[in-house]
Structure formats: C-alpha cells, structure tokens
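The values are calculated or read from the model by the stated rules, or taken from the named source; none is laboratory data. Bear in mind that the values here come from a model prediction, so they are computed numbers and not experimental data. Here the Cβ positions follow ideal geometry from the backbone for every residue, glycine too, while neighbour counts run over all protein chains shown. Side chains included, ligands, DNA and RNA excluded: accessible areas come from the protein's heavy atoms. Shrake-Rupley method; radii C 1.70, N 1.55, O 1.52, S 1.80 Å.
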Amino acid sequence: MEHGSTNNPSASTFSITEEDHTLANALRLVLNKDPRVAFCGYSIPHPSEARVNIRVQTTGDPAAEVLKDGCQNLINMCEHVRGTLDDAMATYKKNKAIDATMDISP
C-alpha cells in the first residue's frame with residue numbers, strides 16, 4: 001500500500017505488512033546508498049503491529065520504482081552472501097574430511 005502525493009511521485013510512504021526491523025533496516029541501508037535517493041527512513045507504528053512504514057524521497061525518479069530496485073538489490077546481496085557461505089562451508093567440510101583421513105593415531 002502506498003501513501004503519497006499524486007502530484008509528486010518522487011516522495012511516498014510505503015506500508016509493508018508482516019515485516020519488522022529486519023527487513024526495514026536492511027532496505028533503508030540499501031536505499032540510502034542509491035544516488036537517486038534524497039531521504040529514506042522507516043518507522044514501526046506500534047510494537048505489537050507487524051507493519052513497517054518506509055518513507056522514500058528521491059531526486060526525481062518515481063519512489064515506487066526506486067523502492068523496487070532497492071528490493072532487488074537487497075535480494076541480490078542476500079543471494080551473494082548465501083552463495084559465499086555455501087562455498088565456504090563446502091570448502092571447510094572438504095578440508096575437514098581430508099584432515100580426518102590423514103589423522104594417524106597411535
């Protein structure tokens with residue numbers, strides 16, 4: 001759901017349900033690194049409500065487009081981290097298996 005001016009699509013507030021600080025803070029960080037973003041912040045209306053409001057103000061591009069791009073960038077970052085972790089775990093397990101076969105106990 002979007003709240004904002006119909007006259008100015010570069011400034012909008014988006015409400016995302018069933019989310020909390022985990023997504024909102026990561027998305028805020030990614031969006032604030034985007035050169036098209038003049039301001040991005042979020043708020044949680046009430047601690048017992050699973051909803052976040054994300055405010056996006058851009059330098060001219062539509063806020064909805066910039067938010068979608070930010071979400072895709074966050075997905076790409078998470079996929080990269082997951083791939084790197086999986087590779088590191090596979091290497092660790094492989095090295096541990098090699099070490100176990102070379103272990104000579106008296």
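Worth pointing out:
- Some residue of segment 1-12 being among the hydrophobic types (A, V, I, L, M, F, W, C), open to solvent by 50 Å² or more (accessible area, probe 1.4 Å) and at pLDDT below 95: yes
- Of the residues Glu49, Glu19, the single one that is of a type in the set (D, E, K, R), loosely packed, with under 14 Cβ neighbours inside 10 Å and either within 27 Å of Thr6 (Cβ to Cβ) or at pLDDT below 95 (or both) is Glu49.
- Against the criterion of being within 20 Å of Ile75 (Cβ to Cβ), touching a Cys at 6+ places or on another chain (Cβ under 9 Å) and in contact (Cβ under 8 Å) with a residue 40 or more places away in the chain, Leu27 qualifies.
- Some residue of segment 87-103 being within 15 Å of the chain's Cα centre (by Cα), surrounded by 10 or more Cβ atoms within 10 Å (Cβ to Cβ) and assigned to a helix (DSSP H, G or I): no
- Some residue of segment 67-86 being in contact with a strand residue (DSSP E or B) (Cβ under 8 Å, 6 or more places away or on another chain) and either free of Cβ contacts under 8 Å to residues at least 40 places away in the same chain or surrounded by fewer than 10 Cβ atoms within 10 Å (Cβ to Cβ) (or both): no
- Members of segment 29-67 found to be closer than 13 Å to Ser10 by Cα, of a type in the set (D, E, K, R) and outside any loop (DSSP other than H, G, I, E, B), listed by number: Arg55, Glu65
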